[in-house]
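K.L.:
Below you'll find the structure I mean.
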Amino acid sequence: MAWTETYRCDVCGRAKHEDELDWWLHWVETISPTPNDPDQPVFRVTPWNVLLAHTPNVGHLCGARCAQTELDRWMAPLHESLRAEAAAAVEEDDQAPGA
Ligand SMILES: [Zn+2]
């Protein structure tokens, strides 16, 4: 039985044609900058690869524009949580005894 998997762009939902090779794959990994620092996430993008495309947790993107949209979506909440953490740290400093 001939069966080909249909991939769709995670951002715009467009279906990938088999002959389109200019698609991208993306996923998120974590790295630990130093042993004492908390892990932090890394957004990775790589050109289309059929084996990687099957991998769980790997997303599919139809082009640079959708890759940028996906990156924006990924970055925005991270920036907000970093800002919230920074604001909380400032408040803690304000409340420190003797400050
Ligand atoms: Zn797309």
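Read the figures in this text as sums done on the coordinates, not as results from a lab. What you are looking at is a predicted structure, and each value in this text was computed from that prediction instead of being measured. Here Cβ is always computed from backbone atoms with ideal geometry, including for glycine, and neighbour counts include all displayed protein chains.
K.L.:
Go ahead and estimate [θ] at 222 nm for the chain from helices alone: -39,500 (n - 2.57) per DSSP H run with n ≥ 4, summed, over the residue count, rounded to 500.
P.N.:
Value at 222 nm, helices only: -12500 deg cm²/dmol.
K.L.:
Still on this model: Can you tell me which of ALA84, ALA53, ALA15 moves the most in a GNM of the chain? Springs connect C-alpha atoms under 10 Å apart.
P.N.:
ALA84
K.L.:
Give me the one-decimal nm value for the distance between modelled label points at ALA53 and GLN40, 7 Å along each residue's Cα-to-Cβ direction.
P.N.:
The modelled label-to-label distance comes out at 3.3 nm.
K.L.:
Enter the angle in degrees (range 0 to 90, nearest 10) between the Cα long axis of helix 64-95 and the first principal axis of the Cα atoms of the chain, meaning the one along which they spread out most.
P.N.:
Helix 64-95 sits roughly 10 degrees off the main axis of the chain.
K.L.:
What is the chain's relative contact order, in percent, from Cα pairs under 8 angstrom and six or more apart in sequence?
P.N.:
The value is 27 percent.
K.L.:
Along Cα→Cβ, 7 Å out, is where each label goes; now give me the distance between the ones at ASP22 and HIS79 in nm to one decimal.
P.N.:
Going from the ASP22 label point to the HIS79 one covers 2.8 nm.
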